[in-house]
Amino acid sequence: MARKILKLASFAAATTGIYLYGNKFLDPNDFGVVRVGRAIATTAVITYDYLTSLRSVPYGSEEYNFLKSQVHLRSAERLRELCCANRGTFIKVGQHLGALDYLLPEEYTRTLRVLHSQAPQSSRQEIQQVIREELGKEIEELFVSFEDTPLGAASLAQVHKAVLQDGRTVAVKVQHPKVQTQSSKDILLMEVLLLVVKQIFPDFEFMWLVEEAKKNLPLELDFLNEGRNAEKVAHMLKDFDFLKVPRIYWELSTRRVLLMEFMEGGQVNDRAYMKRNGINVNEISRNLGKLYSEMIFVNGFVHCDPHPGNVLVKKCPASGKAHIILLDHGLYQVLSESFRMDYCRLWQALIKADMKRVEKYSRRLGAGDLYPLFACMLTARSWESVNRGIDRLPVSASE
């Protein structure tokens, strides 16, 4: 078995080399044998663990379930270590996996979720280099002050608080220096490795992750696109006086540097902050519902990364109203008109417990004969609750 895994690892390495060469991505200076080797080795070890740890245990037994949980946990920890070591795109994909509570075992989501708060930071020198390349000036020429410690660091960029020469306080989002050159190569590497895993485990159905990364990463790496999205959603939702979207300073923004109006507040899941500042939690919850309902059901233009670090709340001293501050506009999902209308009608049917229309619109959205499962996934309720009306029965412990 070990020989088989070694052969597979060698095959993955060879295939990756041929694939990258064919796509003219063979640059050892910014790709690195170490990054490739680390990813191949981690994939091989995880695969070997699954193949050997469970083969002699009766499927479905108590011992099998215990051992499977242990393998899940070991594999998740190895994946997390790989993401932290290779950084950039790997952390982005790891964060995505950590959010898939409805698809992945709990051992994976619990372990990988920490990547949201453990993204690596670029040094002052690296940030200065990117700003110099993009804006043609030194930090000291552009800003009166520039805080070295970032307000937040993510997989692709980090944000610093600064003050411009004219006195405006701004948030400066700066892309990590090597992300742009490594991202396309990392995706190619992941694609090859996932294809190899698919050969060993035919039921492995995660190739869509690579397709999503291929489509979305170029958009997220273009900060001008993020600026345009911010302005579009601010205009689209201008009637919601509780929503605040930072203004973009275009004169000092490029594809890798984005300057925005500085806004601060507590994270939307920080109830202690809201209590200290006299913010009504229920009001915030209702306004979030309005905000996303408007994006999904009315405009078909949906903010794709609403984790707590990107949704802040703050009480306005002048009016006493609580504001929701929406950050990170790098990725939006644009819904087609037909999808948006079918999705609206499906939710109307779910609320009314109109099962004929639930089936009709679920099928139109592609669920086919699995429409009962689709309805349960959307509502997070049992099929019995969906049939009786999701507003008529309290959520049970089994649900």
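The values are calculated or read from the model by the stated rules, or taken from the named source; none is laboratory data. Predicted model only: the values in this text are computed from it and were never measured. Every residue, glycine as well, gets a Cβ built from its backbone with ideal geometry; the counts of neighbours run over all protein chains shown. Ligands, DNA and RNA are excluded from the accessible area calculation, which covers all protein heavy atoms including side chains. Shrake-Rupley method; radii C 1.70, N 1.55, O 1.52, S 1.80 Å.
For (1) of a type outside the set (D, E, K, R); (2) under 19 Å from the mean Cα position of the chain (by Cα); (3) closer than 23 Å to Leu221 by Cβ, each residue gets a yes or a no:
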| site | (1), (2), (3) |
| --- | --- |
| Ile279 | yes, no, no |
| Tyr292 | yes, yes, no |
| Val298 | yes, no, no |
| Pro317 | yes, no, no |
| Gly320 | yes, no, no |
| His323 | yes, no, no |
| Leu326 | yes, yes, yes |
| Gly330 | yes, yes, yes |
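Within region 58-86, which residues are more than 20 Å from Lys178 (Cα to Cα) and among the acidic types (Asp, Glu)? Residues satisfying the conditions are Glu62, Glu63, Glu77. The residue of region 87-123 that is least open to solvent (accessible area, probe 1.4 Å), among those that are among the charged types (D, E, K, R) and under 13 Å from His176 (Cβ atoms), is Lys92. Hey, can you tell me all the residues within region 342-399 that are under 26 Å from the mean Cα position of the chain (by Cα), within 20 Å of Ile296 (Cβ to Cβ) and without any contact (Cβ under 8 Å) to a residue 24 or more places away in the chain? Listed by number, the residues that qualify are Asp342, Ser362, Gly366, Ala367, Phe374, Cys376, Ala380, Arg381. Is it true that Val174 is open to solvent by less than 30 Å² (accessible area, probe 1.4 Å), over 30 Å from Leu51 (Cβ atoms), touching a Leu at 6+ places or on another chain (Cβ under 9 Å) and part of a strand (DSSP E or B)? Taking the combined requirement at face value, the residue satisfies it. On the stretch given as region 264-282, residues that are assigned to a helix (DSSP H, G or I) and open to solvent by less than 60 Å² (accessible area, probe 1.4 Å) total 4. Return yes when Leu6 is within 27 Å of the chain's Cα centre (by Cα) and either modelled with pLDDT of 80 or more or open to solvent by 80 Å² or more (accessible area, probe 1.4 Å) (or both) and no when it is not. No; evaluated as a whole, the condition is false for this residue. The residue that is nearest to Pro177 (Cα to Cα), counting only those in region 244-263 that are touching a residue at least 60 places away in the same chain (Cβ under 8 Å) and among the charged types (D, E, K, R), is Arg256. Across region 52-86, the qualifying residues are those that are part of a helix (DSSP H, G or I) and of a type in the set (Ser, Thr, Tyr), and the one among them that is surrounded by the most Cβ atoms within 10 Å (Cβ to Cβ) is Ser75. Among the residues in region 202-213, are any touching a strand residue (DSSP E or B) at 6+ places or on another chain (Cβ under 7 Å), under 30 Å from Met263 (Cβ atoms), among the acidic types (Asp, Glu) and assigned to a helix (DSSP H, G or I)? No - not one qualifying residue is present in region 202-213.
Taking the conditions exactly as written (within 21 Å of Leu79 (Cβ to Cβ), open to solvent by 30 Å² or more (accessible area, probe 1.4 Å) and in contact (Cβ under 8 Å) with a residue 60 or more places away in the chain), does Ile200 satisfy them or not? Taking the combined requirement at face value, the residue satisfies it.
Based on this model, can you work out whether Pro308 counts as open to solvent by less than 60 Å² (accessible area, probe 1.4 Å) and either in the same structural domain as Leu115 (by the TED database) or within 30 Å of Cys376 (Cβ to Cβ) (or both)? Yes. From the list Glu261, Glu191, Glu226, the lone residue that is in the same structural domain as Lys315 (by the TED database), among the charged types (D, E, K, R) and open to solvent by less than 30 Å² (accessible area, probe 1.4 Å) is Glu226. For region 242-258, the tally of residues that are open to solvent by 40 Å² or more (accessible area, probe 1.4 Å) and either of a type outside the set (A, V, I, L, M, F, W, C) or within 23 Å of the chain's Cα centre (by Cα) (or both) stands at 4.
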